[in-house]
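First the structure, in the form of structure tokens, and then the observations on it.
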Amino acid sequence: MQLTDAQKQQVIRWIAEGQKLADVQRRLADEFDIRLTYMEARFLIDDLQLTPQDPPEPAKSPITAATPAPASTTAGATSPLLTDPDAPVPATGGVVLKVDEIMKPGTIVSGGVTFSDGGKAAWHLDQTGRLGMNPEQPGYRPPEPDIEAFQIALDKELTRLGI
């Protein structure tokens, strides 16, 4: 699908305003009735030689690989799995999110999560933006506070990855 020059200029303005790729995709649909998949929107941004800007991150204390993992990892803290894919899953407490190095077929991003009660699940985000989760144990439901913690951790990680 070809965009007009005026539509391309509008996309450039949105990116300059700090809009994320998903926001541009949504606004193209809402304002111009142009429906693009995530990858098509990403290619459009690449073709226009634009780079979405990440919001400034709050200052964090430096974490080194030699620093032992905290006993409790919450969504507000930095998970060792987010910085070191080979780091072991903490044995107790918190929600720990892991992103796969090689994404599962048919997904934009995939990974695993360990909840505070020790329950584990595989998760993925498909091309249409739908989140799917497959627990290791059939019928497993994580504790209610862990669901919100998972969503926050996933949002932070997707932002870090530029998705």
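Residues of region 43-61 being modelled with pLDDT under 85 and open to solvent by 80 Å² or more (accessible area, probe 1.4 Å), which ones?
The answer is Thr51, Gln53, Asp54, Pro56, Glu57, Pro58, Ala59, Lys60, Ser61.
Please report, ordered by residue number, the strands (runs of 3 or more DSSP E) entirely within region 98-138 with at least 2 residues that are surrounded by fewer than 14 Cβ atoms within 10 Å (Cβ to Cβ) and either in contact with a Leu (Cβ under 7 Å, 6 or more places away or on another chain) or not charged (D, E, K, R) (or both).
The qualifying strands (runs of 3 or more DSSP E) are 131-135.
Output the residue which, of all residues in region 139-163 that are out of contact with any Gly (no Cβ under 8 Å at 6 or more places or on another chain) and part of a loop (DSSP other than H, G, I, E, B), is surrounded by the fewest Cβ atoms within 10 Å (Cβ to Cβ).
Gly139
Working only within region 82-97, note down all residues that are open to solvent by 40 Å² or more (accessible area, probe 1.4 Å) and either modelled with pLDDT of 90 or more or part of a loop (DSSP other than H, G, I, E, B) (or both).
Correct list: Asp84, Pro85, Asp86, Pro88, Val89, Ala91, Thr92.
Here are the criteria: (1) part of a helix (DSSP H, G or I); (2) surrounded by 15 or more Cβ atoms within 10 Å (Cβ to Cβ); (3) more than 17 Å from the chain's Cα centre (by Cα). Tell me which single one Ala6 does not satisfy.
It fails just one condition, (2).
The values are calculated or read from the model by the stated rules, or taken from the named source; none is laboratory data. All values derive from a computational prediction rather than experimental measurement. Every residue, glycine as well, gets a Cβ built from its backbone with ideal geometry; the counts of neighbours run over all protein chains shown. The accessibility values were calculated without ligands, DNA or RNA, using every heavy atom of the protein model including side chains. Shrake-Rupley method; radii C 1.70, N 1.55, O 1.52, S 1.80 Å.
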